[in-house]
1. Spin-label point model (7 Å from Cα, Cβ direction): what's the A:Val355 to B:Lys176 distance in nm?
2. Mind giving me the FRET efficiency for A:Glu219 and B:Glu135? R0 is 41 Å, r the Cβ-Cβ distance, nearest 0.05 is fine.
3. With a point put 7 Å past each Cα toward its Cβ, work out how far A:Ile327 is from A:Thr212 in nm, to one decimal.
4. Going by how many other Cβ atoms sit within 10 Å of their own, how do A:Ser211, B:Ser56 line up, fewest first?
5. Can you compute the radius of gyration and Dmax for the protein assembly as shown, using only the Cα atoms, both in Å?
6. Going by average Cβ density within 10 Å per residue, which order do the peptides B:119-132, A:297-310 take, highest to lowest?
7. DSSP beta bridges in segment B:144-262, what fraction antiparallel, as a percent rounded to 5?
8. Quick one: putting +1 on the C-beta of Lys and Arg, -1 on the C-beta of Asp and Glu, what dipole do you get for segment A:18-140 around its Cα centre, in Debye to the nearest 20?
Amino acid sequence: MTTAVETGNKADLPPPASTVGVVGWMRENLFSSWRSTVLTLLAVYLLYVAIPPLLQWTVFDAIWTGNEAKDCKLPDGSAKDGACWIFIKAWIGGFMYGLYPYDLRWRVDVAAVLVLLMFAPLAVKRLPFKNIYGVAVILLYPVVAYFMFRGFIDFPLSDPQSTTHPWRVVETSKWGGLALTLLIASVGIIASLPLGILLALGRRSHMPIVSTFSVLFIELWRGVPLITVLFMSSVMLPLFLPEGVNFDKLLRALIGVTLFSSAYMAEVVRGGLQAIPKGQYEAAMALGLNFVRMMALIVMPQALRYVIPSIVNTFIGLFKDTTLVAIIGMFDLLGAIQLGNADPKWLGFGMEGYVFAAALYFVFCFSMSRYSQHLERKLHTGHKKR
Amino acid sequence: MTASAQAPIQKVKSTKSDEVAIQMIGMHKWYGEFHVLKDINLTVYRGERIVICGPSGSGKSTMIRCINRLEEHQKGSIVVEGVELSNNVKNIDAIRREVGMVFQHFNLFPHLTVLENCTLAPIWVKKMPKKDAEEVAMKYLTRVRIPEQAAKYPGQLSGGQQQRVAIARSLCMNPKIMLFDEPTSALDPEMIKEVLDTMVLLAEEGMTMLVVTHEMGFARTVANRIIFMDRGEIVEQNEPSEFFKNPKSERTRLFLSQILHH
Ligand SMILES: Nc1ncnc2c1ncn2[C@@H]1O[C@H](COP(=O)(O)OP(=O)(O)OP(=O)(O)O)[C@@H](O)[C@H]1O
Ligand SMILES: [Mg+2]
């Protein structure tokens, strides 16, 4: 009490110049010791070696104008130095839609625009009946998208309209390109989360039948490579089905991808469930909540929040794994690009195709990753874990 | 340290059977081979305030957790507000509706705001309209003197505030009985008082309360009856003045000397 220093009389000084600004930042982060100085210089050198040639190929020497393969070639027939982006331009339709009929590609476009239009209202903060609307859209959109992709009038082959009618059926084997990749990935993502939640709950269940089934299911699917699952579904499953029963190859692949990733999802969710303290269950029960409400309102929201990074990790893995359907003869983005690479008119531009595919995959995966970070920040409620 | 119950509390003890809130007869519980609760016989009357004390591991928590079926007893009977506690889910639900519980570690739901913590059960269990539930919640948050924190998340509150929210959350279900399991033992000394004050307020309103606590000041001023447990048994029960002045058993005396002299 007696020797207290009077406060509030000293003016706030700016921090010393050497600790702020560009110089301060560099001193702190790049040159803080001789070791980091060496590493910094090494990194700069590596960037110097790698970046200019890359830019040279992708941008400066690249061929941007023209329509034919010969625009990318020297008079003697060998390829020019830069990237031949007109190959991508020529094949962009194939990359986006695969073998989907030219005159019907607008249907896929409409499906894509609809997804934006239907989900956009969910971004509105205070939308009345937001939950109901959300559920409705999630249930309704797949139906809409299915009919946009497939069409609904099935003409016999003899009918001339079977090649001209705007709503004629397009077999799933014709679906392809980025559209197919996005379709498989979103079905897998949207269906595997609830399935994974059920499996995770099943694995923790006290009922021996339920938990044994869940464990077996999870371990079985996790123990097999996805490529095996896809081969089984496309080649072997038909052998076991009775004569005449034939269900769609795409559907089989979708089921395979979904069940496969739901097994991973189950383990991710189980990890989240283990982070929930017993007290949360007890408080919920003491308040009279039944099991379903306790799980849906108290436990799952917290458990899923803890594992957002792992969930998104699984989603990203799933997204990239969809490329494996190219091996069972579907032309997803990668399959379509391989189709383009084999085009006799454009032989020799495989590199451009793969770089384009890599860039597209990166854009989607990186967006998912950013969205997950955004979600984590948004849902953070400042609670400490007990 | 001592509870701040200045107002004298009317100490009633009725013996009419329709006034019984909780009755345990010959209740036993085992954890596997371990006999935690041995032949518990206890009758709690409406409006009674009972403090339960005893050494660590003596089964205090287990006993009060049996009352709302957070733990299952294996022998004997427990009747709460006329409903027998059995494996029947309906009975368990009915009892949980009448019994509120406050925990040592608050157990607030960290992903919900204070207000949502309070309205969740009324909305989902009692099917109360959201507006009404919020009104009730604000009433009780005002009663525990933190209405201004309603929009915050539990993680943004002090321990004492969190525990008061937990009390308000229970009260929103309008329970007839409140169970407290060491409600102040996770709190810093300066926060203990604010929580005890809230409990005193509840006691003055005639709430039936069972409180496991080591706050002997609170026990002395608020309780009608103190129950001493040791090794799974109710060793002794008496009204506070007698309990502190003339403990009957050696074990009680030992416990009191340990708890009061340090
Ligand atoms: N889930 C459990 N499984 C096995 N034993 C348990 C379990 N919970 C508690 N016990 C044991 O039962 C006994 C009584 O525990 P209880 O928590 O009721 O004691 P308590 O009187 O509340 O003690 P404290 O003052 O430390 O909270 C202890 O010996 C404890 O080890
Ligand atoms: Mg205890």
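FYI, it's all coordinate maths here, none of it is from the lab. These figures come from a predicted structure and were not determined experimentally. Reconstructed Cβ throughout: ideal geometry from the backbone, glycine too, with neighbour counts over all protein chains shown.
1. 7.9 nm
2. 0.20
3. Between A:Ile327 and A:Thr212, the simple spin-label model gives 3.3 nm.
4. Final ranking by Cβ density, sparse to dense: B:Ser56, A:Ser211.
5. 34.4, 113
6. A:297-310, B:119-132
7. Taking every DSSP beta bridge with both residues in segment B:144-262, the antiparallel ones total about 50 percent.
8. Once rounded to the nearest 20, the dipole reads 600 debye.
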